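Each remark here refers to the structure printed beneath this line.
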Amino acid sequence: MSVKTYPVDAAAFAGWDGSIAGARRLQRELAQRVRLVDDFAPLRRIAGLDVGFEDGGTVTRAAAVLLDAHSLALQAETVVRRPTTMPYVPGLLSFRELPALLEALRALPEVPDLVFVDGHGIAHPRRLGIAAHVGVVSGLPTIGVAKSILVGTHAAVGETRGARAELRDGETPIGTVLRSKDRVAPLIVSPGHRVSLATAPELVLRTVTRYRLPEPTRLADRLASRRGGYTGAPRP
DNA sequence: GCGACAG
DNA sequence: ATCTTGTCGC
């Protein structure tokens, strides 16, 4: 029997042989290019990225939104639909979602100064969650915003907005468990690329309004899961 | 060998 | 992630 392989998207996975073992190998290599230092221009535009599925999972639907960093007003949005090529494998999420995500990102009319990705940054077994992967291949500053933990442990988190606890894998700090809103499950925030561990949660908190998720990720989420309805705050 | 396991 | 209605709490 030969080793099972999947289609290789050259733009997203240069050097991948299409195998599961090869994917983990590539993650270890790319993780070395991640830079956890704040290195981004004054924030004008922030993008949000997320993926949803249609047709029982056979179609991957990636969404990208562009917001004004200050007013958080929606400036642009893109949606891209591609056939799904890989199953979900814990730890290898980017090999399933990255190609479509990058196309949605490139389709935006402007290049963002920072990108929020639904999923983990370095809070990953090999320090290359999808947010870190997006950062390394695009060169853009990124932050991962996840709704649950993939790896790591933490102390109890206060119940009010802004409360947090360090997420660690053994002795290594890999992210922040952040309460974005009173009495809601905390978010797991971790740097993707060109952002430090300390700054990531501050940037996320700045973009949270009245919901659990920060606006970039929340709007991308609605678009990817084709939901609509009310979006903003009460009219002034 | 036995669990855990982003979306 | 997705399949799905009503229901409890702020």
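Just so it is clear, none of the values below were taken in a lab; they were calculated from the coordinates. A quick note: this is a predicted structure, and the numbers were derived from the prediction, not measured. Cβ atoms come from the backbone with ideal geometry, glycine included; neighbour counts cover every protein chain shown.
Here are the numbers:
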| read-out | value |
| --- | --- |
| Mean Cα-pair separation over length for chain A, i.e. relative contact order, pairs under 8 Å, 6 or more apart, % | 20 percent |
| Selection from A:Gly152, A:Ser196, A:Val137 lying farthest towards where the dipole of chain A points positive, charges on Cβ | A:Gly152 |
| Hz values of 3J(HN,Hα) by residue in the range A:85-102 - Karplus curve (6.51, -1.76, 1.60), Gly and Pro given as x | 10, 10, x, 7, 10, x, x, 10, 3, 5, 6, 9, 10, 4, x, 5, 4, 5 |
| Integer Hz, Karplus 6.51/-1.76/1.60 couplings in order for the range A:173-183, x for Gly and Pro | x, 10, x, 10, 8, 10, 7, 8, 7, 4, 6 |
| In sequence order, calculated HN-Hα J values of the range A:162-170 (Karplus, 6.51, -1.76, 1.60; Hz; x Gly/Pro) | x, 5, 7, 8, 6, 9, 10, 10, x |
| Test item: Cα-centred dipole of chain A, Lys/Arg +1 and Asp/Glu -1 on Cβ, debye | 360 debye |
| For the range A:66-116: relative contact order, % (alpha-carbon pairs under 8 angstrom, 6 or more apart) | 36 percent |
| Shape of chain A, Cα gyration tensor, a/c cut at 1.5 | oblate |
| Separation of the A:Tyr88 and A:Thr5 label points, Cα + 7 Å toward Cβ, nm | 2.7 nm |
| Dipole of chain A [Lys/Arg +1, Asp/Glu -1 at C-beta], most positive-end residue of A:Ala69, A:Phe40, A:Ala14 | A:Ala69 |
| Residue-averaged [θ]222 nm for chain A, counting only DSSP H segments that reach four residues, each worth -39500 (n - 2.57) | -6500 deg cm²/dmol |
